[in-house]
Amino acid sequence: MLLPVALLLLGALTAVIAPRLLARADWPEREPIVALWAWQCVVAGVLLCCGLSMVLSAAAAWQAVRGHVFAPAPNDVVEAYALGAGGSWAPATAVTLALGGVWTAAMLAREIARARARRRKRRTELLLRAPLLPGEEPGADRLVVLEGERPDAWWLPGTAPQLVITTAALRRLKGRQLDAVLAHEQGHAQARHDWLLHCSGALATGFPQVPVFAAFRDEMHRLVELAADDVASRRFGRLTIALALVELNEDRGVFGPCPTPQAHVPQRVHRLLSARPRLTPARRLRLTAAAALVPVVPLLVTFVPGLRALG
């Protein structure tokens, strides 16, 4: 039975070729939301190849699994998959891929637990720096102002999300720049970018030797910022959000010659000021549809023998 091997090869080719195509393309910076969708489809396609290969290998290795997977299928369909020719490699493949799935779930659970612990710690620090007034309920205000010498603003997700901004940021941001920063952070919250970062971080941490997952994590961190920049720029203009980024990061050395953890900020500012036009709606639709085909291909490959038998 060659279908599980074919699915694994398809997943490997997708993991190698798709990130290279996305890295060479010039449209992801112009359409970060479409790029986010494309990356999710690529990773979903890779994971789907592994999952389908695991199911078919398990069905070839154990009669009990085969009975559940192909329970409603006619005998011609079962024979088309040649499940009896699995050989000794089928159990090993199924167990290995199943362990990979369990490890992925464990890494995602750990990532979520760590994020919740960080969020609880930051909320505790927030209560210490901005204590509640008599009669005030925790989480009642979506905007919290902290006394601080460093200009900063961040969104604190959770059941009662809050936007935190320092007094130094309030002094630095002029006019509509503050509104643009608020719109940027609200863009993160509305699109639930924190879940994208959790999933990409879990895959990259759980499988550090797999380049596609590391690239997925790095691109998610970059693209969610570009997407939030676009949300703010559509409401308040590219120049406004660009100047706000400069004001918030000028004292951190990000615009100097030495690289810093926020080295992406100058690239974001340059992107906003260059004001490259967006893609046409027709091209955005074509790219979205093409990306959606990536996870569809493994499904087609899996169902081809059964469909031929029915035909």
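Annotations
- On the beta carbon distance between residue 207 and residue 17, with R0 = 22 Å, the FRET formula returns roughly 0.75.
- Over the chain, relative contact order from alpha-carbon pairs under 8 Å, at least 6 apart, %: 25 percent
- Carbon/sulfur fraction of accessible area - the chain, other protein chains in place, 1.4 Å, %: 63 percent
- Put a dot 7 Å past the Cα of residue 252, heading toward its Cβ, do the same for residue 2, and the two dots end up 5.3 nm apart.
- Rounded accessible area of residue 233 (nearest 10 Å², 1.4 Å probe): 20 Å²
- Linear extension gain, residue 283 paired with residue 73, 0.36 nm per residue minus alpha-carbon span: 71.6 nm
- The chain: DSSP helices with Cα axial extent of at least 30 Å and average Kyte-Doolittle hydropathy no lower than -1.0: 3-24, 32-61, 89-129, 211-236, 281-310
- Expressed as a whole percent, the proportion of Cα-Cα pairs in the chain lying more than 26 Å apart is 58%.
- Student exercise, the chain dipole from Lys, Arg, Asp, Glu Cβ charges, in Debye to nearest 20: 400 debye
- Accessible area expressed per residue, the chain, with surrounding protein chains retained (probe 1.4 Å, Å²): 55 Å²
The values are calculated or read from the model by the stated rules, or taken from the named source; none is laboratory data. Small disclaimer: the values here were computed from a predicted structure and weren't measured. All Cβ positions, even for glycine, are placed from backbone atoms using ideal geometry, and neighbour counts span all protein chains on display. In case anyone asks, the SASA skips ligands and DNA or RNA and just uses the protein heavy atoms, side chains included. Shrake-Rupley method; radii C 1.70, N 1.55, O 1.52, S 1.80 Å.
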